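The values are calculated or read from the model by the stated rules, or taken from the named source; none is laboratory data. Quick caveat, the model's predicted, so the values are computed rather than measured. Note that we place each Cβ from the backbone using ideal geometry, even for glycine, and neighbour counts take in every protein chain shown.
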Amino acid sequence: SVAGRETAAAQKRSRWIRRGVLALLVLAWVLIGLLVFCFGERWSFISALYVITQIVTTVGYGDLLPVRPGMRTFMLVYVTTGIVIVAGIVTAVCDALVQKAEGAFASRLMNHRRRQGRKRSSAGVKIRYAILADFLLFAAMILVGVVVFGAFGHCVCTVDGKTIPNCDESTCSRLGVHRGFVESFYMSVITLTTVGFGDVVPIGDWERGIAVVWMLVGCASAGNFVGAVARWFANEERRFRR
């Protein structure tokens, strides 16, 4: 009916308005952080965006810290606002994109099963395929971290958990040690699970620039993998109680 179409159109406009407001809110929050970090702390644009990504993903390496007067007060408000409001929005968007890719892969596995003439898949089989898809994407993101930060990586300023004296971004190539595949694998797992010890971290703007996208997608894939495993346990518990 005409009334039904008008109602649907109004609901669609309302959804787009809400999405627009949320997008502007996220953009404003990011821009405020970039301005304050770039001009207040004298960080580069990439380093400022890298710290903002750590806040959103709750990785929190602690390799770049506010030191200027008043910055801790600003960070108190900025981080609280980011975690409560912005992080949920950004995480939801990343999760939706990751789930779309994982869902497409799981559907291909299900179609392959049907082409082989197997019987109709149960809920448990679908969940197992979802776990496989989630795990493969999570493993792929870890592999990306190992290859990028191990094969083409920089150096580290820590040895056996101890910081090398006078070693920083400008002197790391001279005083630090090379970050190999083992250290990169360790950093990838610790980062994407949002533990973020901070003893092995991306060094330099180009590594931090890659880490911005890598952390967002990787942390989302890790969360989806954990969620899929939790759904499998819940499904098994329901099946056991029958």
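Considering only the range 31-56, state which residues are under 14 Å from ALA87 (Cα atoms) and either at pLDDT below 90 or surrounded by fewer than 19 Cβ atoms within 10 Å (Cβ to Cβ) (or both).
The one that is under 14 Å from ALA87 (Cα atoms) and either at pLDDT below 90 or surrounded by fewer than 19 Cβ atoms within 10 Å (Cβ to Cβ) (or both): VAL56.
When you go through (1) within 22 Å of LEU34 (Cα to Cα); (2) among the small types (Gly, Ala, Ser); (3) modelled with pLDDT of 90 or more one by one for GLY204, which number turns out not to apply?
Just one mismatch for GLY204, condition (3).
Which count do you get for residues in the range 2-27 that are at pLDDT 70 or above and either in contact with a His (Cβ under 7 Å, 6 or more places away or on another chain) or among the basic types (Lys, Arg) (or both)?
Summing the residues that are at pLDDT 70 or above and either in contact with a His (Cβ under 7 Å, 6 or more places away or on another chain) or among the basic types (Lys, Arg) (or both) in the range 2-27 gives 5.
Please verify whether TRP29 is of a type in the set (Phe, Trp, Tyr) and within 24 Å of ALA222 (Cβ to Cβ), treating the condition exactly as stated.
Answer is yes for this residue.
Which number in (1) surrounded by fewer than 20 Cβ atoms within 10 Å (Cβ to Cβ); (2) in contact with a helix residue (DSSP H, G or I) (Cβ under 8 Å, 6 or more places away or on another chain); (3) modelled with pLDDT of 85 or more marks the one condition that VAL226 misses?
VAL226 satisfies every listed condition except (2).
How many of the residues making up the range 177-223 are touching a strand residue (DSSP E or B) at 6+ places or on another chain (Cβ under 6 Å) and either buried (at least 23 other Cβ atoms within 10 Å of the Cβ) or assigned to a loop (DSSP other than H, G, I, E, B) (or both)?
3
Return the total of residues in the range 53-90 being farther than 14 Å from TRP29 by Cβ, among the β-branched types (Val, Ile, Thr) and outside any loop (DSSP other than H, G, I, E, B).
2
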